[in-house]
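Chemist: A single structure is presented below for examination.
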Amino acid sequence: MGFIQLIYQFYPHSHFKGKIQTKYKKLKYMASYYYYYLLFVLVATAAISEADSKTKLSKDFYSRSCPKLLPIVKDEVIKAINKETRMGASLLRLHFHDCFVNGCDASILLDNTKNFIGEKTAAANNNSARGFDVIDDIKTKVEKACPRIVSCADILALAARDSVVYLGGPSWEVGLGRRDSTTASRAAANNFIPAPFFSLTTLKSNFANHGLSVEDLVALSGGHTIGLARCVQFRAHIYNDSNIDASFAKSLRSKCPRKGNDAVLAPLELQTPTHFDNLYYKNLLVKRGLLHSDQELLNGGSTSALVKKFAANKNEFFKAFSKGMVKMSSIKPLTGKKGQIRIHCRKVN
């Protein structure tokens, strides 16, 4: 028995039937309206959720649109490192310095324009950041394979991973789908990139501001197991600090006088500066960290415990480094319709 027929049983008089039918039609219309409204809300919510999921970084982001991307980047990175072994460390550092300035958006690659002064001349990058030509070469080949598809920011992330792996370090899944910024900021680079003279407290604060933990700080600092640093970056440590091995400091002073020779290079990790391993931490234990900020990690508390842990177990370091790189590479990426896919990494389209 339907709803309207049930009502008629209780109100059989004819003068009620018209009112009942009118009320029923209104109720039926309202029920129908709210049904379709609810359905619309559910469909819209699902659509938004699906759109959001597409903007998240994914290792398979280019699997259909640019299937040759990964082998192109890997081959070009290997070619560059074989030409100059130091380049592996430079590409890793380039990605690091990019992500710490307003997120991983390839802003570090932009040249100066009339609208902004770029990050290349910031204190941490000026006459120091390298690998721009390598990224240009990779981008050129990627553009030939799949024009206007792959961002420079994603190329930086892949080049950093492939560099570490080729030099004997761990691998990790690189989330892809970043887009490129349309501006850069030297002021932001000066403010946000950790400096070699930072104290442990300042280092912790700097990393925390980027959503990175104390373990991330110690693990990512282990990237200094490869590469070189300039005299100007370690001069204060070898002349002014007490937490440094005396013979180690003396050997460096012959290369790096109190004045001059700013560009003279020394390995960040003395024994194997072109092989990714855990000797960096072993050097810290005997006060042979090249930078003040390196040796600060062995300054008591949780960071000292992590230094000892990574010095004793390379696998633990590799695991923590990989985890930290995934987190760092995910700092405020531009996705969806934000930013752009630059055709040339050095300039906005």
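The values are calculated or read from the model by the stated rules, or taken from the named source; none is laboratory data. None of the values given here were measured: they were computed from a predicted structure. For neighbour counting, all protein chains shown are included, and Cβ atoms are generated from backbone atoms with ideal geometry for every residue, glycine included. Only protein heavy atoms, including side chains, enter the accessible area calculation; ligands, DNA and RNA are left aside. Shrake-Rupley method; radii C 1.70, N 1.55, O 1.52, S 1.80 Å.
Chemist: First compute the accessible area of the stretch 243-343 with a 1.4 Å probe, then give the percent of it belonging to carbon and sulfur atoms.
Modeler: Roughly 55 percent, rounded to a whole number.
Chemist: Let me ask another. Using amide H atoms built in the peptide plane, which far-off residues or other-chain residues are under 5 Å from L228 H to H?
Modeler: For L228, the qualifying residues are L268.
Chemist: When 1/r is averaged over all different Cα pairs and the result inverted, which Kirkwood radius in Å belongs to the stretch 68-192?
Modeler: Averaging 1/r across every pair of different Cα atoms and inverting gives 14.6 Å.
Chemist: Mind listing the long-range amide H neighbours of N299? Cut-off is under 5 Å, sequence gap 5 or more, other chains count too, H placed in the peptide plane at 1.01 Å from N.
Modeler: S304
Chemist: Also, I was wondering about something else. Stretched out fully, how many nm does the piece from A188 to R346 gain, at 0.36 nm a residue minus the Cα gap?
Modeler: Here the answer is 55.1 nm.
Chemist: Using the Cα centre of the stretch 200-327 as the reference point, and only Cβ charges (+1 on K/R, -1 on D/E), how large is the resulting charge dipole? Debye, rounded to the nearest 20.
Modeler: 240 debye
Chemist: Moving to a separate point now. Using the Cα centre of the stretch 189-254 as the reference point, and only Cβ charges (+1 on K/R, -1 on D/E), how large is the resulting charge dipole? Debye, rounded to the nearest 20.
Modeler: Roughly 300 debye, rounded to the nearest 20.
Chemist: Of L291, A208, S304, which is farthest on the positive side of the dipole of the stretch 200-327, counting Cα position, with +1 on Lys and Arg Cβ, -1 on Asp and Glu Cβ, and the Cα centre as origin?
Modeler: L291
Chemist: Which order do peptides 137-144, 101-108 fall in by mean Cβ count within 10 Å, highest first?
Modeler: Order by mean packing, descending: 101-108, 137-144.
Chemist: Next question. Given a 1.4 angstrom probe, what's the average accessible area per residue across the stretch 200-327, in square angstrom?
Modeler: Roughly 44 Å² per residue, with all protein chains present.
Chemist: Oh, and also: Determine the distance separating the Cα centre of the stretch 118-169 from the Cα centre of the stretch 270-332; give it in Å without decimals.
Modeler: Centre-to-centre distance over Cα atoms comes out at 24 Å.
Chemist: Within the accessible area of the stretch 68-192, what % is carbon and sulfur when the probe is 1.4 Å and the other protein chains stay in place?
Modeler: 49 percent
Chemist: Quote the charge dipole size of the stretch 68-192 about the Cα centre in Debye, to the nearest 20; the model charges only the Cβ of Lys and Arg (+1) and of Asp and Glu (-1).
Modeler: 100 debye
Chemist: A further question on this structure: Given a 1.4 angstrom probe, what's the average accessible area per residue across the stretch 68-192, in square angstrom?
Modeler: Averaged over the residues of the stretch 68-192, the accessible area is 39 Å².
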